[in-house]
Amino acid sequence: MNLPQKFEDKMKELLKEEYPSYQKSFEEERLYGLRVNTKRISVEEFLKICPFSLEPIPWIENGFYYDGKKEFPAKHPFYHCGLYYLQEPSAMTPANRLPIDEGDCVLDLCAAPGGKATELGAKLNGSGILVTNDISNSRAKGLLKNIEIFGIENVLVLNEEPGRLVEKFPGYFDKILVDAPCSGEGMFRKDSKMVKAWEEHGPEYFSEIQKVIMRDAYEMLKPGGMILYSTCTFDLSENEEIISGLLEEYGDLELESISPGYEGFESGLDKEGKTIRIFPHKMKGEGHFLALLHKKGLKTEMNNRQKEKGIKFADEFLEFIQMLNISLPLEQIVNRKDKLYLLPAEIPDLKGLRFLRSGLFLGECKKKRFEPSQAFAMTLKEEDFKNTLNLSVSDERVMRYLRGETIEVKEKRKKGYCLILVEGFPLGWGKYSDHKIKNKYLPGWRATYA
Ligand SMILES: C[S@@+](CC[C@H](N)C(=O)[O-])C[C@H]1O[C@@H](n2cnc3c(N)ncnc32)[C@H](O)[C@@H]1O
């Protein structure tokens with residue numbers, strides 16, 4: 001691979017005698033990773049049904065390598081029911097090493113397409129609140145899809161400049177992930193287009209953006225809270241220098257050690273050696289930088305509840321929820337132009353902010369009927385709904401369903417909405433009538449491959 005001279009000179013200076021071995025790493029294949037959605041299935045159970053040949057990623061308990069030349073997990077029904085996310089192995093580290101406690105208010109400030117947000121949501125496992133944001137509208141749409149596939153319900157998906165969030169969320173979050181936009185030097189082997197992008201916008205360009213984003217993140221952090229900062233680049237100005245600048249500016253911030261460690265992690269060049277660098281010649285990961293910051297002070301309680309009261313629900317919705325074997329907290333459901341959303345228990349005022357989603361979209365009340373959403377289906381288990389069709393992964397109807405076709409069923413079902421599952425994991429809705437299931441799988445999610 002032809003690397004820019006300026007980049008090579010910088011890396012020689014950074015890595016010194018290790019540079020030749022870094023350069024040699026470009027002769028090796030890029031790495032492919034799969035991360036299990038532990039909100040949906042344990043690693044142990046997943047390995048029992050997993051059809052791919054996997055090798056554990058030693059520093060990520062739910063992460064695995066697969067051979068991206070031979071296996072195509074994005075084209076398997078298990079991908080459609082959110083059993084895993086496909087992610088470069090070193091990119092799994094930031095969300096894995098940000099400590100999350102049950103009930104935390106968590107912000108993923110630069111979240112699209114959701115590689116890290118989906119893991120944060122899985123770690124919260126329905127408790128607390130996950131606020132995800134991305135400045136790009138098109139990328140935020142991809143983020144929303146991944147959040148929904150994963151079945152994460154206690155979530156907001158915003159599309160804002162970080163500065164605009166500060167007014168709404170001052171000192172609000174217990175934990176913040178800033179996976180900053182960066183010059184992407186760690187992605188050169190994975191995607192050679194990154195080299196050209198680097199030549200157009202390099203470290204000088206991104207470090208200015210990163211400084212602004214981190215100041216905004218600091219303002220939104222509670223005393224006692226933590227920020228994990230990460231990039232997939234090697235330049236000092238986007239990594240250690242961002243952190244030292246913040247520590248100088250804010251006396252109540254301190255660097256924390258990242259735990260657990262791993263033999264392949266290299267200490268960063270901060271004074272205390274507490275930041276982490278991942279280099280492709282030192283371990284099986286493309287490249288990352290991580291720093292964990294702690295804001296001194298005592299952790300405070302969650303903000304006050306802001307419930308919308310006195311809502312009346314359409315009979316069709318009330319009828320639909322009779323089919324559920326779980327109860328929904330009706331006081332947390334709001335109606336926005338006939339669309340029903342289940343809000344997280346704690347929700348800030350979002351007035352004036354651009355957002356793609358607040359809470360879980362349950363479905364839409366149409367003329368005399370309620371249409372449950374794809375996102376709602378993705379949060380359910382087989383035992384949660386009274387009318388289900390659970391298919392085996394080898395059943396040819398699975399792929400036909402994913403392609404949007406009507407499928408036939410021998411056994412009778414109750415007329416109306418039916419939750420379609422594969423091996424007990426939700427795929428989406430269908431409508432049963434007369435031994436046929438009319439396809440209600442979200443058109444934008446349909447499989448276009450055979
Ligand atoms: C490294 S990517 C995030 C990847 C994501 N965390 C994941 O794991 O899938 C950085 C993101 O920052 C967003 N971004 C760019 N400039 C930004 C800014 N000024 N403020 C907030 N986000 C920004 C980009 O749209 C991009 O999606």
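Summary of values
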item: Every residue from the stretch 337-356 that is in contact with a helix residue (DSSP H, G or I) (Cβ under 6 Å, 6 or more places away or on another chain) and open to solvent by 30 Å² or more (accessible area, probe 1.4 Å); result: Leu356
item: Residue among Leu34, Leu47, Leu14 that alone is in a helix (DSSP H, G or I), under 24 Å from Gly126 (Cβ atoms) and outside the structural domain of Gly151 (by TED's automatic domain parsing); result: Leu47
item: Criterion: modelled with pLDDT under 95 and part of a loop (DSSP other than H, G, I, E, B) - qualifying residue of Gly297, Gly285, Gly261; result: Gly297
item: Odd one out for Leu236 among (1) open to solvent by 30 Å² or more (accessible area, probe 1.4 Å); (2) in contact with a strand residue (DSSP E or B) (Cβ under 7 Å, 6 or more places away or on another chain); (3) under 20 Å from Phe188 (Cβ atoms); result: (2)
item: Pair list, Cβ under 9 Å, 6 or more apart: the stretch 203-216 residue touching a residue at least 24 places away in the same chain (Cβ under 8 Å) and within 13 Å of Asp235 (Cβ to Cβ), other residue away from the ligand (no atom under 11 Å from the Cβ) and aliphatic (A, V, I, L, M); result: Pro203/Leu236; Ser207/Ile242; Gln210/Ile242
item: Lone unmet requirement of (1) more than 20 Å from Gly251 (Cβ to Cβ); (2) surrounded by 24 or more Cβ atoms within 10 Å (Cβ to Cβ) for Ala217; result: (1)
item: Filtered residues of the stretch 172-197 (kept if over 23 Å from Arg97 (Cβ atoms) and within 14 Å of the ligand (Cβ to nearest atom)); result: Asp191, Met194, Ala197
item: Tally, over the stretch 253-280, of residues that are touching an Asp or Glu at 6+ places or on another chain (Cβ under 9 Å) and without any contact (Cβ under 8 Å) to a residue 12 or more places away in the chain; result: 0
item: Scope the stretch 1-21; condition surrounded by 15 or more Cβ atoms within 10 Å (Cβ to Cβ) and touching a Lys or Arg at 6+ places or on another chain (Cβ under 9 Å); matching residues; result: Glu18, Tyr19
item: In the stretch 154-178, residue nearest to Asp235 (Cα to Cα) [restricted to those that are charged (D, E, K, R) and surrounded by fewer than 24 Cβ atoms within 10 Å (Cβ to Cβ)]; result: Glu161
item: Filter result (among the hydrophobic types (A, V, I, L, M, F, W, C) and part of a loop (DSSP other than H, G, I, E, B)) within the stretch 85-102; result: Leu98, Ile100
item: Residues satisfying the stated conditions in the stretch 103-126, i.e. in contact (Cβ under 8 Å) with a residue 40 or more places away in the chain, within 7 Å of the ligand (Cβ to nearest atom) and assigned to a loop (DSSP other than H, G, I, E, B); result: Leu109, Cys110, Ala111
item: Residue list for the stretch 209-234, filter: within 11 Å of the ligand (Cβ to nearest atom) and part of a helix (DSSP H, G or I); result: Ile209, Gln210, Lys211, Val212, Ile213, Met214, Asp216, Ala217
item: Exclusive hit being out of contact with any Pro (no Cβ under 8 Å at 6 or more places or on another chain), away from the ligand (no atom under 16 Å from the Cβ) and in a strand (DSSP E or B), set Glu254, Glu241; result: Glu254
item: Elements of type strands (runs of 3 or more DSSP E) contained in the stretch 309-389, each with 2 or more residues being of a type in the set (D, E, K, R) and either modelled with pLDDT of 90 or more or not assigned by TED's automatic domain parsing to the domain that holds Asn133 (or both); result: 360-366, 369-372
item: Residues of the stretch 127-157 that turn out to be among the hydroxyl-bearing types (Ser, Thr, Tyr), closer than 15 Å to Gly359 by Cα and part of a helix (DSSP H, G or I), as a count; result: 0
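The values are calculated or read from the model by the stated rules, or taken from the named source; none is laboratory data. Nothing here was measured: the structure is a model prediction, and the numbers come from that model. Counting neighbours? That spans all protein chains shown, and the Cβs are built from the backbone with ideal geometry, glycine included. Calculation scope for accessible area: heavy atoms of the full protein, side chains included, ligands and nucleic acids excluded. Shrake-Rupley method; radii C 1.70, N 1.55, O 1.52, S 1.80 Å.
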